[in-house]
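For reference, the structure is listed below as C-alpha cells.
The values are calculated or read from the model by the stated rules, or taken from the named source; none is laboratory data. This structure is a prediction, so every number in the text was calculated from the model and none was measured. When we count neighbours, we look across all protein chains shown, and the Cβ atoms used for this are built from the backbone with ideal geometry, even at glycine.
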Amino acid sequence: MHITDDIEIGDWELTEQFVRSGGPGGQNVNKVATAVELRFEAARSPGLTDVVKARLRRIAGQKWTKDGALVLQVSETRSQARNREIARERLAEMIRRALVEPKKRRKTRVSPNQKRKRLDDKKRRSTVKALRRPEGGPD
C-alpha cells in the first residue's frame with residue numbers, strides 16, 4: 001500500500017477481516033459480511049520511524065491496541081469492496097497526518113506597554129461603575 005514516495009506498507013502488515021454490519025439493508029445484512037475490520041501492525045512496521053509511530057498512536061487514540069496495532073472498522077456502505085477502500089484511505093490519511101511534524105510553541109511575553117494599557121482600561125471601567133453606585137463617586 002502506497003502512502004508517500006518514501007513510505008510503502010507491505011501486505012504482511014495489514015490484516016482484513018470481514019464481519020456482518022448492522023443498520024439498514026434488509027435481509028442482505030443478515031447474509032453478507034460487508035463491514036471491514038482493517039488491522040495494521042504499526043509497532044512492528046519497518047517503514048515508520050519511532051517518532052512517527054508515537055504521533056500515530058496519539059492520533060489513533062482508542063483505535064490503538066495494547067500490542068501496538070491500529071484497528072479501523074468501516075461499515076459505511078453495503079459494498080464490501082467500497083468499505084475496504086474507505087478503511088485503507090483512512091489508514092493512509094492517519095499515517096500522512098502522523099508524518100507532519102507539529103510546530104514548536106514559542107513562549108511569548110506581553111509587552112510592558114500592553115500591561116499598562118490593560119490596567120488603565122481596568123481603572124477607567126472601575127471609575128465608570130463606581131459613578132453608577134447610589135453613594136456616587138469613586139472610593
Take the residues of the stretch 112-136 that are loosely packed, with under 10 Cβ neighbours inside 10 Å and not in a helix (DSSP H, G or I): which is modelled with the highest pLDDT? Pro134
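For the condition free of Cβ contacts under 8 Å to residues at least 60 places away in the same chain, surrounded by fewer than 14 Cβ atoms within 10 Å (Cβ to Cβ) and of a type in the set (S, T, N, Q), what is the one hit in Thr49, Thr4, Thr34?
Among Thr49, Thr4, Thr34, only Thr49 is free of Cβ contacts under 8 Å to residues at least 60 places away in the same chain, surrounded by fewer than 14 Cβ atoms within 10 Å (Cβ to Cβ) and of a type in the set (S, T, N, Q).
Listed here are the residues, each with its yes/no results for (1) without any contact (Cβ under 8 Å) to a residue 60 or more places away in the chain; (2) among the hydroxyl-bearing types (Ser, Thr, Tyr); (3) surrounded by fewer than 10 Cβ atoms within 10 Å (Cβ to Cβ); (4) closer than 24 Å to Val36 by Cβ.
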residue	(1), (2), (3), (4)
Arg57	yes, no, no, yes
Lys66	yes, no, yes, yes
Leu70	yes, no, no, yes
Ser79	yes, yes, no, yes
Ile86	yes, no, no, yes
Arg90	yes, no, no, yes
Glu93	yes, no, no, yes
Lys107	yes, no, yes, no
Val110	yes, no, yes, no
